[in-house]
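Visitor: Take a look at the following structure, please.
The values are calculated or read from the model by the stated rules, or taken from the named source; none is laboratory data. The model shown is predicted, which means the values in this text are computed figures rather than measured ones. Using ideal geometry, Cβ is built from the backbone for each residue, glycine included, and neighbour counts are taken over all protein chains shown.
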Amino acid sequence: MRVFFVTNRKFALKRSLKILGCLNLCLILTSIMSGLPAIAANPKTNLSQSPKLNPTDKRAADEYRQMGLAYRQQERFDEAIAALQKSVTLDPQNLDGRIILGWTQHLAKKDEAAATSLWEAIYLSPTSLQAFNAIGIVYLVRGDLPQSVVLHSWAAILKADNEIAHYNLSLAYQRLNQYDLAIAYAQKAIELEPNNPHPFVARAIAQWTSGDQPSAKKTFRDAIAVDPRYRNPEFLNFLNEAGFSSDQIQTAKQVLSSL
């Protein structure tokens, strides 16, 4: 009887995920369609009317982009952003340039500017996986969870084996108290990237907050098996760089202390 119940529960959850995916697709398309006209209406971001790029500007744009990446590597974010903005001004149709600018702004904790840059990238390419992964993280980190769910769901539709999307959906759903979905998406992320400890920790905190503490402990031990540094509670503070909120980090520390 227990096996039958568990099997049916898993089947129901899979069906729920498929239904949710369809609903999310409708929300995604609505969100994208409502956002793009605003970008198109702004003369500063009307990308479709950019003049043809000449070779000199292209070379200069490439040089500024490389300069910006070098500054970013040194965590000189203001200088990196300034160089990347010059690159985008010179080569406004360059998708990678806008994504790099947006992600650099995110790293500099300028999330409003990051969202704007990444929406402009999406305007150039509405199927850009990199852009949707990045903007979904921006919304997740700033706490706009429903929008993050929509954006990452679209990213998962664009590429079914997109570990980043599944992992971040787990984090978002855990914060929304949708624990079954959080656990399911974390499990999918684990299957896609079994050598990454982050999805294991995401699954563990979702299990813990759902009340399944034995499973949470087992999953956290699996994370430690992947990366022994997760035995150290201080090391867990770095999870904020992996999209975890402060509350989620505290939950991870609770699970660790219970082992």
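Visitor: Between residues in the range 101-122 that are over 14 Å from G68 (Cβ atoms) and residues that are among the basic types (K, R) and surrounded by 20 or more Cβ atoms within 10 Å (Cβ to Cβ), which pairs lie under 8 Å by C-beta distance while being six or more apart or on different chains?
Guide: Qualifying pairs under 8 Å: L118/R98; E120/R98; A121/R98.
Visitor: Would it be correct to say that K109 is among the basic types (K, R), within 24 Å of the chain's Cα centre (by Cα), assigned to a loop (DSSP other than H, G, I, E, B) and surrounded by fewer than 17 Cβ atoms within 10 Å (Cβ to Cβ)?
Guide: yes
Conditions (1) touching a Cys at 6+ places or on another chain (Cβ under 8 Å); (2) of a type outside the set (S, T, Y); (3) farther than 13 Å from A202 by Cα; (4) part of a helix (DSSP H, G or I), marked per residue:
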| site | (1), (2), (3), (4) |
| --- | --- |
| I135 | no, yes, yes, yes |
| G143 | no, yes, yes, no |
| S148 | no, no, yes, yes |
| L151 | no, yes, yes, yes |
| W154 | no, yes, yes, yes |
| D161 | no, yes, yes, no |
| Y167 | no, no, no, yes |
| Y173 | no, no, no, yes |
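Visitor: Related question: Could you please find all residues in the range 196-224 being buried (at least 24 other Cβ atoms within 10 Å of the Cβ) and either at pLDDT below 95 or among the hydroxyl-bearing types (S, T, Y) (or both)?
Guide: T219
Visitor: Report every pair of residues separated by at least 6 positions or lying on different chains whose Cβ atoms are under 8 Å apart, first residue within the range 225-250 and touching a residue at least 12 places away in the same chain (Cβ under 8 Å), second surrounded by 13 or more Cβ atoms within 10 Å (Cβ to Cβ) and among the polar types (S, T, N, Q).
Guide: Sorted first by the residue in the range 225-250, then by its partner, the pairs are V226/N196; L239/Q248; G243/N168; Q248/Q174; I249/N237; I249/N240.
Visitor: While we're here: State whether the residues of the range 51-74 include one that is at pLDDT 90 or above, under 21 Å from the mean Cα position of the chain (by Cα) and surrounded by 11 or more Cβ atoms within 10 Å (Cβ to Cβ).
Guide: Yes, there is a match, as at least one residue in the range 51-74 is at pLDDT 90 or above, under 21 Å from the mean Cα position of the chain (by Cα) and surrounded by 11 or more Cβ atoms within 10 Å (Cβ to Cβ).
Visitor: If you don't mind, there's one more thing I want to ask. From the list L124, L145, pick out the single residue that is farther than 19 Å from G97 by Cβ and either in contact with a Lys or Arg (Cβ under 8 Å, 6 or more places away or on another chain) or surrounded by 24 or more Cβ atoms within 10 Å (Cβ to Cβ) (or both). Can you show your working first?
Guide: Numbers: L124 fails: farther than 19 Å from G97 by Cβ.
Answer to the selection: L145.
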